[in-house]
Amino acid sequence: MRKLKIAVDARNLGSKPSGIGMYLNDFLEQLEKYEEFEWVLFTDVKESEYIKRFEAKGLTVISMNRPVYKSLGVYAYFNFIKKQLKEINPDIFWEVNNLIPVRLKGNFKTLVTIHDMFPIQYVKYFGQLYSMYFKVSIRKTLKHTDMILYNSEQTKNDTEMYFPRAKKIPSCNAYIISNPLTRYVPPKDENYFLYVGNMEKRKGVDILIKAYRRYRENGGTRPLILAGKMLEDDIEQLVESAMTEVEGLTYLGYVSHTTRYDLYNNCSCFVFPSMAEGFGMPILEVMKHNKPILASNLRIFDEIVGDCVERFSLAGDDDDKVISLAEGMKRIDDKINSGLVDEKAYRDALDKYTPERLGGMVRDFINNQMKN
């Protein structure tokens, strides 16, 4: 049987992967099991445990051998991809991260995962320049895209609203895989609030730190642990000053897969104050540990998990959000011992995101589109 050769832009998996990198990791873990596919991964560097594991499994990993960040480096990276595509000659090129900023020529179909339209919807978090770049690049990407994977119905609807051309492109809403725990450790409560995610304003980290300060001023005593990749200088300064002024606040930096899951397993409550999400993977990760969750009232969480987690309001200005989150943390304190978690509702939510179900959907979508 001739295999379909699929080349993937795996740069988000190359070094300290977070949301999009882990999205790719979890799909590849399932998709590489299907015998009809052959995989080639392109990356800037091969530093993470995840990309090294795929290479050890026998997947071809081709690295540019220098890290890529933004701006001109991205164009150099895509020129590297263009050259590799000519040599590899795949059946499909899969861009996992929204944008293909240059024209990729070749006798292959292009598959793109679109995660959100946030640079258009939330310009304050991205800046005018990147917002304009995103619009131009998405338009260019869609012009040469044969298949789209969406991570939610919200993302599909938003994309088609801003770019009607997307309605004409075959698509699949495959959400994001949530792998079952590989080992079960009985959860413990070591008495701390927890946030794990990128350290940036879009994730509501500034709101969380200010809310925690208010929570402590109002008599709250439970510590708060923050973990994740620092992405913004002003957030770094806010964290550093808060740790010297507010008792009980700890920042661990970027943490490994094992440490992250230990943090989930031992927390009292996971706080997810995001201002904008295309999906919200950490909520599902924490659900596997049957821990209380306090999240913002974004509509994407209604789609993903329904009403089985605690919510705080994003209505009003930043001060209103801070007050609402601080009150939510105090509410958790008051209810923590009275059974906040509906374990059956958690299980029902998680069942929608199994590797077999979602990997199978993407497998069928790719095979059907290639037959056409």
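The values are calculated or read from the model by the stated rules, or taken from the named source; none is laboratory data. Computed from a prediction, not measured in an experiment: that's the story for all the values here. For neighbour counting, all protein chains shown are included, and Cβ atoms are generated from backbone atoms with ideal geometry for every residue, glycine included. The protein model used for the area step is the full one, side chains on, heavy atoms only, and it has no ligands, DNA or RNA in it. Shrake-Rupley method; radii C 1.70, N 1.55, O 1.52, S 1.80 Å.
Quick notes on this structure:
- The spread of Cα positions in the chain, taken along each principal axis and listed from longest to shortest, comes to 64, 43, 38 Å.
- Reachable lysines, given that their alpha-carbon falls under 25 Å from the alpha-carbon of K140 and they are not under 8 places away in the same chain: K5, K70, K82, K83, K86, K105, K109, K124, K156, K167, K168
- Cα-Cα P(r), the stretch 50-100, percent of pairs per 10 Å interval: 19, 50, 30, 1
- Cα-based helix-to-principal-axis angle, 128-143 vs the chain, degrees rounded to 10: 40 degrees
- Percent RCO, i.e. relative contact order, over the chain, from Cα pairs under 8 Å lying at least 6 residues apart: 14 percent
- Angle between the chain longest axis and helix 205-217 axis [Cα atoms, degrees, rounded to 10]: 10 degrees
- R0 of 30 Å, Cβ-Cβ distance N290-R103: FRET efficiency to nearest 0.05: 0.05
- To the nearest ten degrees, helix 19-31 and the longest principal axis of the Cα atoms of the chain are 60 degrees apart.
- Separation of alpha-carbon centers, the stretch 334-372 and the stretch 266-310, rounded to whole Å: 14 Å
- Volume per residue that the Cα convex hull of the stretch 13-79 spans, once the total is divided by residue count, Å³: 88 Å³
- Solvent-accessible area, 1.4 Å probe, carbon plus sulfur percent, for the chain: 47 percent
- At 0.692 mPa s and 37 °C, Stokes diffusion of the stretch 130-247 via Kirkwood alpha-carbon radius, µm² per second: 180 µm²/s
- Sorting the segments 259-266, 38-45 by their residues' average number of neighbouring beta-carbon atoms within 10 angstrom, most packed first, yields 38-45, 259-266.
- Taking 10 °C and 1.306 mPa s as conditions, the stretch 26-171 diffuses translationally at an estimated 96 µm²/s according to Stokes-Einstein applied to its Kirkwood radius (Cα pairs).
- Intensity falloff of the stretch 276-356 expressed as log10 I(q)/I(0), Debye formula with alpha-carbon point scatterers, at q = 0.13 Å⁻¹: -0.43
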